[in-house]
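To start, the structure under review is shown below, and the notes come after it.
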């Protein structure tokens, strides 16, 4: 069986992270039954889902037009 680490975050969400793949998984690529070997409490961290998104530093460089794009009808 593969070994998993289970971190629990201050937002009470839990994740399961593989710490060691077993030989069966390496051969077949089929997931094993969950076997948690280590628990971690990360009371000072939020999970990736609850973390506020970081601002993109280059966003001010992106040119955005003030008006919507117009499609020109050209006679054929």
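No lab work stands behind these numbers, since they all come straight from the coordinates. Every value quoted in this text rests on a predicted model; they were computed, and no experiment measured them.
Structural remarks
- Whole-number percent relative contact order across region 3-46, with pairs defined as alpha carbons under 8 Å at least 6 apart: 56 percent
- In the chain, helices alone account for a calculated mean residue ellipticity at 222 nm of -2000 deg cm²/dmol, with every DSSP H run of four or more residues adding -39,500 (n - 2.57).
- Stretch gain in nm, segment residue 50-residue 38, where the contour uses 0.36 nm per residue and the Cα spacing is subtracted: 2.0 nm
- Fraction of alpha-carbon pairs over 21 Å apart in the chain - percent: 60 percent
- With the convex hull drawn over the C-alpha atoms of region 3-46, the volume per residue is 67 Å³.
- For the chain, the relative contact order works out to 33 percent when only alpha carbon pairs closer than 8 Å and six or more residues apart are counted.
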